[in-house]
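One structure below.
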Amino acid sequence: MLATAQHSEQDRELDGDLDRGTNSVAPGTTRTCALTRDLKPVSELIRFVVGPAGEAVPDIKRKLPGRGIWITSTRAAIAEAVKRNVFARGFKRDVRVARDLAAATEQLLERSALDALAMAGKGGRVVGGFAKVEAALDRDDVLALIHASDAAADGKRKLDAALHRREHEKPREIAVIGAFSGAQLDLALHRPNVVHAALLAGPGAETFLARVLRLERFRNSPDAVSANAPTDGAPGHNLGQSSE
């Protein structure tokens, strides 16, 4: 880790905020936030590159070509970076920056999480329907309980209560996710009227959990996410779940 940090500092001294392209982004890499000047793991940052029209483009998957700069992965940080003209300074050139860049970045993170949910659904790792979800909570391979953000409070309370009873009987960490609307869940899972669902372990499931965590950290802050939330795909609690 020390060697990685030293390498990142050397990059910064030689090239300012610009990285050396996607080949330099290995697991565990650290980068300096162009806004706060804090050295952080890339998992806590969002990479931006300059697009063909000279615009700042969020590189959510860290795969876009060209040299990039890194901003702390929160909506507030990106909004502040836009306000302070951090992108032009970081890229050392004129850059077109959309005023709603923070909102556009959030939409990309949201889409990324829903794409992972769609893959889990295609792999048969998502159970839908109130009765089936309630029964699935008894399974050892359930990783998350998903509620549509616009689901009725009564249904959410009943399933949350069932989950808590089962956790008391068999202690385990199961995430509760309420980050997406029913319409978004319908589209991702290619089925109508998805109000509640259970996520089972398997292909795509851990990826979905990790991306939901990333989305919630962006919307709020790391401190706003439960200590039991998944890290690198491990299950946790209360991701995007509003209290009622």
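Among the residues of the stretch 89-103 satisfying the criterion of being touching a residue at least 12 places away in the same chain (Cβ under 8 Å) and in a loop (DSSP other than H, G, I, E, B), which is nearest to CYS33 (Cα to Cα)?
LYS92
In the set LYS156, LYS122, which member is surrounded by 19 or more Cβ atoms within 10 Å (Cβ to Cβ), within 24 Å of the chain's Cα centre (by Cα) and among the basic types (Lys, Arg)? Step through it out loud before you land on a result.
Numbers: LYS122 fails: surrounded by 19 or more Cβ atoms within 10 Å (Cβ to Cβ).
One residue alone meets the criteria, LYS156.
In the stretch 131-153, which residues are among the β-branched types (Val, Ile, Thr) and surrounded by fewer than 13 Cβ atoms within 10 Å (Cβ to Cβ)?
Residues of the stretch 131-153 that are among the β-branched types (Val, Ile, Thr), as a first pass: 133, 142, 146.
None - no residue of the stretch 131-153 is among the β-branched types (Val, Ile, Thr) and surrounded by fewer than 13 Cβ atoms within 10 Å (Cβ to Cβ), so the list stays empty.
Would you confirm whether or not the stretch 4-13 contains a residue that is surrounded by fewer than 13 Cβ atoms within 10 Å (Cβ to Cβ), at pLDDT 85 or above and not assigned by TED's automatic domain parsing to the domain that holds LEU215?
no
Every residue, every condition in (1) closer than 21 Å to PHE218 by Cβ; (2) not assigned by TED's automatic domain parsing to the domain that holds THR22, yes or no:
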position: GLU80; (1), (2): yes, no
position: ALA88; (1), (2): no, no
position: SER112; (1), (2): yes, yes
position: VAL133; (1), (2): no, yes
position: LEU137; (1), (2): no, yes
position: ILE146; (1), (2): yes, yes
position: ASP154; (1), (2): no, yes
position: ARG166; (1), (2): no, yes
position: PRO171; (1), (2): no, yes
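Could you tell me which residue of the stretch 95-113 is surrounded by the fewest Cβ atoms within 10 Å (Cβ to Cβ), considering only residues that are of a type outside the set (A, V, I, L, M) and under 17 Å from ALA77 (Cβ atoms)? Spell out how you get there, then give the answer.
Narrowing the stretch 95-113 to residues of a type outside the set (A, V, I, L, M): 96, 99-100, 105-107, 110-112.
Okay, now just the ones that are also under 17 Å from ALA77 (Cβ atoms), so 99-100, 105-107.
Working: ARG99: 10, ASP100: 12, THR105: 24, GLU106: 17, GLN107: 12.
Checked the stretch 95-113; the qualifying residue surrounded by the fewest Cβ atoms within 10 Å (Cβ to Cβ) is ARG99.
Say we look at the stretch 159-204 and pick out the residues that are small (Gly, Ala, Ser), closer than 19 Å to ALA120 by Cβ and out of contact with any helix residue (DSSP H, G or I) (no Cβ under 8 Å at 6 or more places or on another chain); which of these is surrounded by the most Cβ atoms within 10 Å (Cβ to Cβ)? Spell out the reasoning first.
First, the residues of the stretch 159-204 that are small (Gly, Ala, Ser): 161-162, 175, 178-179, 181-183, 188, 197-198, 201-202, 204.
Those still in the list that are closer than 19 Å to ALA120 by Cβ too: 175, 178-179, 181-183, 188, 197-198, 201-202, 204.
If we keep only those that are out of contact with any helix residue (DSSP H, G or I) (no Cβ under 8 Å at 6 or more places or on another chain) as well, we get 181-183, 201.
Working: SER181: 14, GLY182: 17, ALA183: 13, ALA201: 15.
Only one residue fits best here, namely GLY182.
Does ALA53 fit the bill of being buried (at least 16 other Cβ atoms within 10 Å of the Cβ) and either in contact (Cβ under 8 Å) with a residue 40 or more places away in the chain or assigned by TED's automatic domain parsing to the domain that holds ARG111 (or both)?
Working: buried (at least 16 other Cβ atoms within 10 Å of the Cβ): no; either in contact (Cβ under 8 Å) with a residue 40 or more places away in the chain or assigned by TED's automatic domain parsing to the domain that holds ARG111 (or both): yes.
Judged against the criteria, ALA53 is not a match.
Does GLY202 satisfy the condition of being at pLDDT 80 or above and not in a helix (DSSP H, G or I)?
On the way: at pLDDT 80 or above: yes; not in a helix (DSSP H, G or I): yes.
Yes.
Condition test on PRO65, is it assigned to a loop (DSSP other than H, G, I, E, B), under 18 Å from LEU213 (Cα atoms) and modelled with pLDDT under 95? Don't jump to the end; show me each part of the working.
Working: assigned to a loop (DSSP other than H, G, I, E, B): yes; under 18 Å from LEU213 (Cα atoms): no; modelled with pLDDT under 95: yes.
When the stated conditions are applied, PRO65 does not pass them.
Which of the residues that make up the stretch 77-88 are out of contact with any helix residue (DSSP H, G or I) (no Cβ under 6 Å at 6 or more places or on another chain), in a helix (DSSP H, G or I) and either touching a residue at least 12 places away in the same chain (Cβ under 8 Å) or among the acidic types (Asp, Glu) (or both)?
Within the stretch 77-88, the first condition is being out of contact with any helix residue (DSSP H, G or I) (no Cβ under 6 Å at 6 or more places or on another chain), and the residues that meet it are 77, 80-81, 83-88.
Filter once more, so that each one left must be in a helix (DSSP H, G or I): 77, 80-81, 83, 86-88.
Listed by number, the residues that qualify are ALA77, GLU80, ALA81, VAL86, PHE87.
Taking the stretch 133-163 as the region of interest, how many residues are under 18 Å from PHE208 (Cβ atoms) and small (Gly, Ala, Ser)?
Of the residues in the stretch 133-163, 4 are under 18 Å from PHE208 (Cβ atoms) and small (Gly, Ala, Ser).
Read through the list (1) over 14 Å from ASP17 (Cβ atoms); (2) under 16 Å from the mean Cα position of the chain (by Cα), then give the number of the only condition that ILE71 fails.
So ILE71 meets the others, but not (1).
The values are calculated or read from the model by the stated rules, or taken from the named source; none is laboratory data. Note that the structure is a prediction, hence the values are computed from the model and not measured. Note that we place each Cβ from the backbone using ideal geometry, even for glycine, and neighbour counts take in every protein chain shown.
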